[in-house]
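> First the structure, which I've put down as structure tokens, then a few questions once you've had a look.
Just so it is clear, none of the values below were taken in a lab; they were calculated from the coordinates. For clarity, every value in this text was computed on a predicted model and none was experimentally measured. We place every Cβ from the backbone using ideal geometry, glycine too, and count neighbours over all the protein chains shown.
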Amino acid sequence: MFLLCGQPSITVKEVVILLSRDTSIGQNTIQRTIADYKNAKPLQSPNKKKIRLTFNEKVDDFERNAIRKKVHDFWFSRQVPTLDKILISVNSDPTLNTYKRTNLYHLLRELNFTYCKRGRKSALIERDDIVLW
């Protein structure tokens with residue numbers, strides 16, 4: 001870095017050029033920072049991290065209940081609800097969003113569905129107290 005102690009007559013433009021050369025930061029960036037400092041704004045580093053919603057936050061209660069109803073419809077029609085069947089059923093419904101297989105799996109786990117063995121297939125079932133309700 002350079003020292004400006006012995007050069008009281010140096011201009012701001014020369015300081016910007018020296019800073020830009022020594023720090024490899026663009027002159028416009030340095031000038032903008034100096035202008036912000038002169039306007040008495042508090043200097044902050046830019047917030048480059050986006051705050052994104054998680055998958056669970058994007059799904060509302062209406063969709064959760066609709067997916068739960070899809071699973072129960074399989075049981076009412078005496079079919080074994082598997083993840084692939086539910087995925088096809090949910091994605092073919094135009095009122096619901098489309099889901100990937102893993103996201104639907106995590107959503108079903110959050111809705112307290114578990115897998116049980118039915119012969120050679122695994123089926124989704126809900127907790128007994130919810131089924132009785």
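> May I ask you to list the trypsin sites (Lys or Arg not before Pro) in the range 33-113 that are in a DSSP loop and have at most 16 other Cβ atoms within 10 Å of their Cβ?
Qualifying residues, ordered by number: 48, 49, 50, 52, 78, 100.
> I need the shape label for the range 3-105. Rule: rounded when a/c is under 1.5, else prolate if a/b > b/c, else oblate, with a, b, c from the alpha carbon gyration tensor.
It is prolate, given that a/c is not under 1.5 and a/b is the larger ratio.
> Between residue 103 and residue 66, what is the FRET efficiency for a Förster distance of 22 Å, r being their Cβ-Cβ separation, to the nearest 0.05?
0.90
> Using a Förster distance of 35 Å, how high is the FRET efficiency between residue 111 and residue 47, based on the Cβ-Cβ distance and rounded to 0.05?
It comes to 0.50.
> Using R₀ = 25 Å, calculate the FRET efficiency as 1/(1 + (r/R₀)^6) where r is the Cβ-Cβ separation of residue 85 and residue 55; round to 0.05.
In this case the efficiency is close to 0.75.
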